[in-house]
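Quick notes on the structure that follows.
The values are calculated or read from the model by the stated rules, or taken from the named source; none is laboratory data. Predicted, not measured: the structure shown is a model, and the values here were computed from it. Don't worry about glycine lacking a Cβ; one is built from the backbone with ideal geometry, like all the others, and counts go over all protein chains shown. Keep in mind that these areas ignore ligands, DNA and RNA; they rest on the heavy atoms of the full protein, side chains included. Shrake-Rupley method; radii C 1.70, N 1.55, O 1.52, S 1.80 Å.
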Amino acid sequence: RGGPENQSSLLQENSRWPRVSKFTLSACAATVAELVTFPLDLTKTRLQIQGEGGSRQHGGSVQPPKHRGMLSTALGIVREEWPLNLWQGVTPAIYRHIVYSGGRMLAYEQLRESVLGRSEDGIFPVWKAVIGSMIPGALGQFIASPTDLVKVQIIHGVYHAFTKIIAEGGIRGLWAGWVPSVQRAALVNLGDLLTYDTVKHSLLTNTSIPDNSICHGLARGLLYKSSTDCLAQSVRKEGFFYCRAPWSLTFWLTFEQMRRAMGISSF
């Protein structure tokens, strides 16, 4: 199953369809990351709704919140509803990342290797990485904007949400509010891709660390003193329930391992 003949055929197939393979692996890695971290996003939303509802008065007194904190809320969902409800609504989120992450990763790699190009020593200069990461982020978000609207409006299914948006605003309605989301995606992609690509290749060039999971994990973690510091900074900057550190770490580790398994060179 993992013999030389199969690995050779994988390499030949991936060299024949490199862009399709890289897009597919990016989308698959993003799907894994979304499935792993989606309960955090759902719990954040539930707590926000609960906070708004908790301010209503009943008989002259303020009704206390039903759950306090992430763990209590998550356990409440499992106990009172159904464990799989922690992933309620994950389908449109996955659709979004198939388009967004698949597109941005492929576009960045094409810009790095074919358009902007590396320097003679094989390094991708920071100024090029800035341009090469912001453009794919903006483009990927623009293409994926309709799926963001579906995430908000989904009630009876993805198809129903799409047809409802088109019926009310036409095809252009699918891109309502795209400007701020594209701007944000460009900046988020700048921080994500620029950090990972620059730190990873700096580690490979200047240290004896091999190109493996330790290197890939460090490429996301060198900005922090420890895992606790990573969590603390993420909470302080983005809030506990929506920090991107877990998503990014899961994505990059999965993405690199998938590329290796499919015979595609490391990112």
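Look at residue 120 and say whether it is free of Cβ contacts under 8 Å to residues at least 24 places away in the same chain and of a type in the set (D, E, K, R).
Yes: the conditions hold for residue 120.
In the stretch 80-103, which residues are of a type in the set (S, T, N, Q) and open to solvent by 20 Å² or more (accessible area, probe 1.4 Å)?
We begin by selecting, within the stretch 80-103, every residue of a type in the set (S, T, N, Q); these are 85, 88, 91, 101.
Correct list: 85, 88, 91.
With a cut-off of at least 3 residues that are closer than 22 Å to residue 197 by Cβ and modelled with pLDDT of 85 or more, name the helices (runs of 4 or more DSSP H) lying wholly within the stretch 63-161.
Helices (runs of 4 or more DSSP H) meeting the threshold: 90-110, 126-153.
Restrict the check to the stretch 28-50 and report whether at least one residue is more than 30 Å from residue 140 (Cβ to Cβ), modelled with pLDDT under 60 and not charged (D, E, K, R). Spell out how you get there, then give the answer.
Of the stretch 28-50, the ones more than 30 Å from residue 140 (Cβ to Cβ) are 50.
From what is left, the residues that are modelled with pLDDT under 60 are none.
The answer is no, given that none of the residues of the stretch 28-50 is more than 30 Å from residue 140 (Cβ to Cβ), modelled with pLDDT under 60 and not charged (D, E, K, R).
Considering only residues of the stretch 177-234 that are surrounded by 17 or more Cβ atoms within 10 Å (Cβ to Cβ), modelled with pLDDT of 80 or more and among the charged types (D, E, K, R), which is nearest to residue 104 (Cα to Cα)?
The qualifying residue nearest to residue 104 (Cα to Cα) is 192.
Output the qualifying pairs, or none if there are none: Cβ atoms under 6 angstrom, residues six or more apart or on different chains, first residue in the stretch 178-203 and assigned to a helix (DSSP H, G or I), second residue open to solvent by less than 20 Å² (accessible area, probe 1.4 Å) and among the charged types (D, E, K, R).
Note: pairs meeting the criteria are 189/104.
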